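Written below as structure tokens is the structure these notes are about.
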Amino acid sequence: MFRSKPYYFFILLGVISLIISLIFSGYFDLENGKNLRDLVMDINIHDTYLVITYNHIFFLFFVLYLFNFLIYYLIDLFKGKLFKKGLILKIISSIILLIFISYVLYQDHNSNLTKDDLWNGNYKDYNVTLILTFLLLLTLLVVIPFINIIISLIYKLKLRANS
């Protein structure tokens, strides 16, 4: 099934993201006595200070993976031409980025940065890494499916014109 329709991996990635989201929402308390709902990611962009819980980050991934599955399923349902090599590359890069973001969030949770470090500007590399990774993942999961839809429609119109 995964070989002929690789977009089913998005369901697997979505379920993994949902499980991680549920872990961070506190339904499963993995750490002794520590409330996992309190784990947040702080991003400072100029004068704006964003505080996002890990639960919401991974739930966003779940929604994006489900969205990608539905897009590719509908393309395949209407007999659109899927570019499987590009789709497989997208799935592999999504897995790598999900692991990378999980690692960065884990490092943030276990970092030794103090409030003085934050005020002195030692957080900038961390913020830039997170923002660029999120933007890359959003580009992979939101923009590329629409490009694939447009290419599929052009390919389908070419086939109709030739026949």
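We did not get these values from a lab; they are worked out from the coordinates using the rules stated. A quick note: this is a predicted structure, and the numbers were derived from the prediction, not measured. As a convention, Cβ positions derive from the backbone with ideal geometry for all residues, glycine included, and neighbour counts pool all protein chains shown.
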Practice task
Pull out the extension gain between Ser25 and Thr139, defined as 0.36 nm times the separation in residues minus the alpha carbon to alpha carbon distance; nm, one decimal.
Solution key: 38.4 nm
Problem - Protection-proxy order for peptides 42-52, 131-141, each taking the mean of Cβ atoms within 10 Å per residue, highest first - result: 131-141, 42-52
